[in-house]
Amino acid sequence: METWLIIFILLPVLGFLISLIMPDSRENLVAWSAFGTLGIHLNLAVLFVGWWLIQGMPVLHGKEWILYETTGYTFFLTLYFDRITAAYLLVGSLLIFLVMLYSKTYLHREAGYKRYFNTTLLFFSGFSLAIFAGNFETLFMGWEILGISSFLLISFYRNRYLPVKNAVKIFSIYRIGDVGILLAMWMSHHLWHENITFLKLGNDALVSHHLEEHSMVGAFVSLALLVAAAAKSAQLPFSSWLPRAMEGPTPSSAIFYGSLAVHMGVFLMLRTFPFWEHQASVRVLVGLMGLTTALVASGIARVQSSIKSQIAYASIAQIGLMFIELALGFRDLVLLHVAGNAFLRTYQLLVSPSAVTYLIREQFYSYSPNQRSLENWLPCRLRNSLYLLSLKEWNLDSLMYRTLWNPLKWLGHKLDFLDLKRALLILLPIYAAGLMLLWQEDHIPASLHTWLPELFALIGLLAVLKSFVERKKVRLSLALIVMNHFWIALAISFNEKFEAVHTLLYLSGIVLSGAVGWAALHWLKKQDYGIDLDQFHGHVYQYPRTALLFFLAAVGLTGFPITPTAIGEDLLFSHIHENQMLLATFVSLSLIIDGLAAIRIYARVFLGPHVKTYHEVAHRSS
Amino acid sequence: MKTTVHATALFDEARVLHDLSHYLPAQAPLKDFVHHNTLHAFQDRSFFEALRESSEIFGYKSSLTIEEFRELYRRGLIQERILQQQLKDAYGEQHLKMWLQRMFQQPYDDPGQPRIGALRDQWKQCHHIDLDNLVHPTLFRLLCNYLDQGISIWPFPLANLSLLEALRHLERDSWVSLFQSKRAKALLLDEQIGLRDLLALVVGKEEWFDQYLFDQQFRHQGWSGMVAAVENQPMGLLDSRAASLRDLIHVELLLEIDALDRVLGPGWQPLAADTGEAPEALLAPVLPTERDEVIRRWQEALEWSFFDQILAGIQQNRLVMPAVREKSFQALFCIDDREGSFRRYLESYDPNCETFGTPGFFGVDTYFQPQDGQFYTKVCPNPVRPKHLIKEYQSAKKRQRDAHFSKHAHSFHSGWLITQTLGFWSALRLFINLFRPSMSPATSSSFQHMDPFARLTIENRDPADVENELQIGYTVDEMAERVYRVLGSIGLVKEFAPLVYVVGHGASSVNNPHYAAYDCGACSGRAGSVNARAFAYMANHLSVRELLRKRGIDIPASTHFLGALRDTTRDDITFFDIDSLSLANQQRHAVNEAVYTRASQCNAKERSRRFDSIESHLAPEVIHKLVQRRSVSLFEPRPELNHATNALCIVGQRSLSRGMFMDRRAFLNSYDWRLDADGAHLLNILNAAVPVCGGINLEYYFSRVDNQKLGAGSKLPHNVMGLVGVANGMDGDLRPGLPKQMIEVHDPLRLLLIVEQRPDLVMDVIRRNEATYGWIRGGWVLLVAVEPETRAMYRFEEGKWLPYEPLTGPLEQVNNLETLIESHQDNFPVYLINQPN
């Protein structure tokens, strides 16, 4: 049975590849490549789950594909199937098939018809990989594909301002989630001394044995996972992204933000349940987070006057309840709840335009001027306060800015004096000195040596912060991202003796992506002088191919699994010791901001309202 | 140099509010959709001046680009001889070569940045502050919650107050403030503070206040326009609000102060402190350029490439109407462009019938109240102020409900249960709708407007029957007057057939927030069923007929008027009160009904050629089923194409157009020039047809040429805001205008009004009403008079008639419409139809 698992991942990938080569103008071919493969997927899924039920619902574990192996470290992918996978598979496969069928007509004649199907299939490939993942590495790959394809779907209307702005915003929140998993993976390397599979995670004795010795480590891993899950499932304090993700065509919002994407955080917690179920404090935390989210989100949902944001917050509240159920250990109930919520919200979003007809008719026939709501029994002052808070979404939307991005930006602006020349003049000599030190590593006093990794990682972090806030020079911004990776590599080289090939693996993808990105920008600059990062330029309208090329380069720079950097990143992390929290913080912050800075360049240069006026351009506010 | 919007220097609050309200988009809340000239604010100027000014001032793309025109030329949609003739007429033979070079080769710069926004943009330029990002989300949410008609579960507290008053109450009694800055809160609570004081803080220089407000409000013209529309027409909302532009500006200025306090700290200076020179005055004259001239010539060439064929067709199509022994039936339809092809099919399947066009409210200017309705619905043209009310009673209809729109799914505890139960039902529902679409409570159906089996209070029994100052039903005199006017204006005064159908129209769609735009424009975006039924009742009334006879219209006792409703989306027709027919007429009706059915099927087939998802070579009855299915499919964003491609309005006898294939592009208003020596009927017709058809036409024109700024963009990502409008996403501005799916096949042509009457009388009539004349004088609607007897043509040009000779030679004849329809999707040229007999 195990050998069948791979098919459920290969099918959407195959659909994705076929849809890529279909001609733009042939809507039917594009659509068929999607629901042809997804129809087979659905049928096979039903048959397979049926067969699996007859077999008595065994836990299946696929073989391990080793991508990279070195002493003490193996990077492998593996698949896994249990009742959680089964539930997510059936819900996902059914919904995506129905929604593709829906979209075939709904998107007729829309510019970007093919792009829509491409992105959706890419999304579903990531979804399948994540739910079938047998270890963190595989899960993480799927997870990253979900993030990137979400970015693409939200910014589907890529020449308008708000979709692009929101896509970047949501990408930044996903990025926090990604790093949560990365940190969890890092710490669990140290906990298990191997890349743990979910099969072993189900081994109670093994888990409790390890956790007894390292309870702090266990708590850290659980917390990192919880952060990732909260970000992905729009729990507090991340909730405000979900309604803002509803920028694409309604069916894509329905399936991704109504159902599939938003339940992935729940999936992560379900998948790692055996790991944290014995940690009482974590369970309390999960439950509390769910409870506060459910309460706050219900309140916000009640004051929403736009149909999609109302559904979004109502869905967040239900997911909050799922976290409570999780904390209580009712896993099967959670699965039922996930399926029901996914179906309901998808349908509600799909019929949301009908609300006008339906509700106006209701109003016409059953209006009464003094409708009272539940809140009327509250004391006036409390009621008003709650209303204003809910109206302002408890300031959640600006929370990330105020607590995380603004301080980082402030720091980055301290480096405003840097231009490309100065950056090279200052940073290159220091880097050269660093390399010299590395060469002469044995002669450095130990007291200095312990601080070197942190120092270099900090310089790298500052470089990328500068890149993140750069307003004018596009290529400087790009160069600083590339440099950041070099600094990280240098920093970690001081940390531990390891083969140079690890560094090479890590940097190869970065150098390649950096060069491609540079070339694309250089070419664009020749066509259109005057690109900066202070505003959106929307050049994708005129140069879609260059935009695609640069996009690939940008995701390559973020460690997306299209270059060896994806493995290298994981590998490098494994060389950070468990007691080096500071180094881990610097490196993970660097990685968050790397991704953000790269996507920011892409968005500012290629997306948003087009700077040229030879065609219709939407108002910025629309 | 002027520094403010107007020449007068200082700030006059009332005036600037009035000006803003004038220039903002004037689209009503969704429940009523009234087509209007999108650039209504510029209507006192000529059409081409308006294009130029709106483009320069507000940045609208007010016409196709020169490149787009050149492409249309390459595709043959702009004809060479028309273009050349027009250039010769305009500039003389000697300059033709130079102008041809300009039209075809000369490169022109893209339009630059518009004037609007330049002043307020200084916040970004000088301080790196993106005020829009900081202010808009909160402002839009406030406005949406305040205006909301029934989406939110916890409605806006104190919605009975004005926005500002309500906010003051909220702030006074709350631990939480809308603002972060204490100063903003204090300013809100201080009732002495007015716009002038706030502007002094934010802008500083009084000369700039006007322009700043224009900049500020036009950053979100959707919401501002909605507030202005609600302020001007409070009836637009069922749950009314005391909204005002003034309050909106007040709150926005406070939010701006709050944002500036937050970002810049307490000591910031007003905008004027760091800005040296004033930007260009917003409404200063816009100088014409050569580019504008070239655009004008292209636009006219595009229009006349089509109009010339139609005019040639009118001259060539002089077929003698077959002498009818006995008329089988007569039918009155709306002037709507969607009815033309249906009438053509009726006439071809039953050559003995006769059809007429008149605005689809059939002179019944009334409010309607369905049984159990809490409100009145206006069912006549928007500018009319009805004094009557028709009520529905004895209806046995039940409204269906749908739990998916229930608000319980959004609450915490019942939501928990609902997701686990209804959730699975949703999957099934979706599955069923994808494979077998059918009517549901979510559908907006034209047949819901009125229960055909319920009764209506059409006749007033007692003058004391008055409800809210509206008289219930019409007196006999009033009925007779309405019937007389309609019959007289269309020329149906003798030779009545035994059955006269009065056919209103409506539309059906699902998942369509713009559903009201699909219904009858002459009924304020409702179905015309009540009006049709009421008109038939009036015309059948014995005392009414008695009065009509005295005025020269003798309707024989054997003639019966029958109301009906035709659904333009589904190509369905329903007849009302059939049991009131005599036995003989029932038999006749049975025969006619078969004709109607066949015409419906063929009409569905003709429409289907524009739909990619239907193979138009299938049999008419099969296509009819598919077309009906579209109207109830959740996933179908184009249930029908509505008024797309409209370009003509023909006022005259049916013989003018009957032999032509006009591809559903014409509004047809019947008019018999022989019965109107003093032009009284023509005046009535033009007073209604010019603003209604012109409004539809221009709304399509502007939504087509700039679908992003003047239209609503693609409808696929639309999010319903408070049931009043649509926006993209959660934080977007409202998007007035028509969505892309409605206009994508539309060619941006102005409306050509063709009137069959002596030119001197036409000139006299159009000048009787200044409002109507404004449309024509400014070139917002083009006008050609056709001399009835000779069919000589005269084109209205700057207040004069110019003789017009069509350049088009003999039009192609078409024998078989079916093969023509199956041939392709694009617009057809004008054909002459070979009549079978």
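Residue-level analysis places B:ILE623 outside the set of residues that are more than 23 Å from the chain's Cα centre (by Cα) and surrounded by fewer than 24 Cβ atoms within 10 Å (Cβ to Cβ). The condition of being more than 14 Å from every other protein chain (Cβ to nearest Cβ) and either without any contact (Cβ under 8 Å) to a residue 60 or more places away in the chain or touching a helix residue (DSSP H, G or I) at 6+ places or on another chain (Cβ under 8 Å) (or both) holds for only one of A:VAL262, A:VAL266, A:VAL296, A:VAL282, that being A:VAL282.
What residue, among those in the range B:117-147 that are touching a Lys or Arg at 6+ places or on another chain (Cβ under 9 Å) and in a loop (DSSP other than H, G, I, E, B), is farthest from B:HIS220 (Cα to Cα)? Residue satisfying both the conditions and the ranking: B:HIS128. The residues in the range B:626-653 that are surrounded by fewer than 21 Cβ atoms within 10 Å (Cβ to Cβ), in contact with a strand residue (DSSP E or B) (Cβ under 7 Å, 6 or more places away or on another chain) and not polar (S, T, N, Q) can be counted, and the count is 0. Within the option set B:SER406, B:SER328, being more than 25 Å from the chain's Cα centre (by Cα) and within 14 Å of chain A (Cβ to nearest Cβ) holds for one residue only, B:SER406.
Yes/no matrix, rows are residues, columns are (1) among the aliphatic types (A, V, I, L, M); (2) touching an Asp or Glu at 6+ places or on another chain (Cβ under 6 Å); (3) free of Cβ contacts under 8 Å to residues at least 12 places away in the same chain; (4) within 12 Å of chain A (Cβ to nearest Cβ):
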site: B:THR421; (1), (2), (3), (4): no, no, yes, yes
site: B:ALA427; (1), (2), (3), (4): yes, no, yes, yes
site: B:ILE432; (1), (2), (3), (4): yes, no, yes, yes
site: B:LEU470; (1), (2), (3), (4): yes, no, no, no
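Considering only residues in the range B:739-749 that are in a helix (DSSP H, G or I) and touching a residue at least 40 places away in the same chain (Cβ under 8 Å), the one that is farthest from the chain's Cα centre (by Cα) turns out to be B:GLN741. When the residues of the range B:597-617 are filtered to those that are closer than 25 Å to A:GLU110 by Cα and assigned to a helix (DSSP H, G or I), the one that is nearest to the other protein chains (Cβ to nearest Cβ) is B:SER608.
A quick yes/no check of all residues on (1) away from chain A (no Cβ under 14 Å); (2) among the charged types (D, E, K, R); (3) within 30 Å of B:ILE66 (Cβ to Cβ):
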{"residue": "B:VAL227", "(1), (2), (3)": "yes, no, no"}
{"residue": "B:GLY236", "(1), (2), (3)": "no, no, no"}
{"residue": "B:SER244", "(1), (2), (3)": "yes, no, no"}
{"residue": "B:ILE257", "(1), (2), (3)": "yes, no, no"}
{"residue": "B:ALA272", "(1), (2), (3)": "yes, no, no"}
{"residue": "B:THR289", "(1), (2), (3)": "yes, no, yes"}
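Of the listed requirements (1) assigned to a helix (DSSP H, G or I); (2) over 20 Å from A:SER590 (Cα atoms); (3) at pLDDT 90 or above, A:VAL227 misses just one: (2). A:LEU386 meets the conditions (1) over 31 Å from the mean Cα position of the chain (by Cα); (2) modelled with pLDDT of 85 or more; (3) surrounded by fewer than 15 Cβ atoms within 10 Å (Cβ to Cβ) in every case but one. The failed one is (3). Within the range B:788-837, being surrounded by 15 or more Cβ atoms within 10 Å (Cβ to Cβ), touching a strand residue (DSSP E or B) at 6+ places or on another chain (Cβ under 9 Å) and over 30 Å from B:ALA604 (Cα atoms) holds for B:PRO788, B:ARG791, B:MET793, B:TYR794, B:ARG795, B:PHE796, B:TRP801, B:TYR804, B:PRO806. Can you pull out every residue in the range A:68-89 that is in contact with a helix residue (DSSP H, G or I) (Cβ under 6 Å, 6 or more places away or on another chain) and either surrounded by fewer than 17 Cβ atoms within 10 Å (Cβ to Cβ) or within 14 Å of chain B (Cβ to nearest Cβ) (or both)? A:TYR68, A:ALA87, listed by residue number.
Only one entry of B:ARG338, B:ARG385 meets the criterion of being within 21 Å of the chain's Cα centre (by Cα) and over 21 Å from B:ILE490 (Cα atoms), and that entry is B:ARG385. Of the residues making up the range B:140-186, those that are under 21 Å from B:ALA259 (Cα atoms), facing another protein chain (nearest Cβ under 10 Å) and touching a His at 6+ places or on another chain (Cβ under 8 Å) number 1. Is there a residue being touching a residue at least 12 places away in the same chain (Cβ under 8 Å), charged (D, E, K, R) and closer than 30 Å to B:GLY713 by Cα anywhere in the range B:147-158? Yes, the range B:147-158 has at least one match.
Against the list (1) touching a residue at least 24 places away in the same chain (Cβ under 8 Å); (2) within 7 Å of chain A (Cβ to nearest Cβ), the condition B:PRO736 fails is (2). Would the range B:533-541 turn up any residue that is of a type in the set (Gly, Ala, Ser) and in contact with a Lys or Arg (Cβ under 7 Å, 6 or more places away or on another chain)? No, because not a single residue in the range B:533-541 is of a type in the set (Gly, Ala, Ser) and in contact with a Lys or Arg (Cβ under 7 Å, 6 or more places away or on another chain).
Every residue, every condition in (1) assigned to a loop (DSSP other than H, G, I, E, B); (2) basic (Lys, Arg); (3) under 24 Å from B:GLU354 (Cα atoms), yes or no:
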{"position": "B:GLU636", "(1), (2), (3)": "yes, no, no"}
{"position": "B:GLU640", "(1), (2), (3)": "yes, no, no"}
{"position": "B:VAL651", "(1), (2), (3)": "no, no, yes"}
{"position": "B:ARG658", "(1), (2), (3)": "yes, yes, yes"}
{"position": "B:ARG664", "(1), (2), (3)": "yes, yes, yes"}
{"position": "B:ARG674", "(1), (2), (3)": "no, yes, yes"}
{"position": "B:ALA677", "(1), (2), (3)": "yes, no, yes"}
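For the range A:567-622, which positions are without any contact (Cβ under 8 Å) to a residue 60 or more places away in the chain and more than 14 Å from every other protein chain (Cβ to nearest Cβ)? Answer for the range A:567-622, where residues must be without any contact (Cβ under 8 Å) to a residue 60 or more places away in the chain and more than 14 Å from every other protein chain (Cβ to nearest Cβ): A:ASN579, A:MET581, A:THR585, A:TYR602. For B:GLY711, state whether it is more than 30 Å from A:GLU393 (Cα to Cα), in contact with a His (Cβ under 7 Å, 6 or more places away or on another chain) and touching a residue at least 24 places away in the same chain (Cβ under 8 Å). It is false that B:GLY711 is more than 30 Å from A:GLU393 (Cα to Cα), in contact with a His (Cβ under 7 Å, 6 or more places away or on another chain) and touching a residue at least 24 places away in the same chain (Cβ under 8 Å).
Looking at the range B:750-837, the helices (runs of 4 or more DSSP H) lying wholly inside it that each contain 1 or more residues that are without any contact (Cβ under 8 Å) to a residue 60 or more places away in the chain and closer than 19 Å to B:ARG45 by Cα sit at B:770-777.
To keep it simple, each residue is scored yes or no on (1) outside any loop (DSSP other than H, G, I, E, B); (2) within 14 Å of chain A (Cβ to nearest Cβ); (3) among the hydrophobic types (A, V, I, L, M, F, W, C).
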{"residue": "B:GLY695", "(1), (2), (3)": "yes, no, no"}
{"residue": "B:LEU716", "(1), (2), (3)": "no, yes, yes"}
{"residue": "B:LEU723", "(1), (2), (3)": "no, yes, yes"}
{"residue": "B:ALA727", "(1), (2), (3)": "yes, yes, yes"}
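Of all the numbered requirements in (1) under 27 Å from A:VAL474 (Cα atoms); (2) part of a helix (DSSP H, G or I), A:LEU418 misses one, and that requirement is (2). Annotation: of all residues in the range B:104-121 being surrounded by 20 or more Cβ atoms within 10 Å (Cβ to Cβ) and hydrophobic (A, V, I, L, M, F, W, C), the one that is farthest from B:LEU282 (Cα to Cα) is B:LEU119.
The values are calculated or read from the model by the stated rules, or taken from the named source; none is laboratory data. Note that this is a predicted model, so its numbers are computed, not measured. We place every Cβ from the backbone using ideal geometry, glycine too, and count neighbours over all the protein chains shown.
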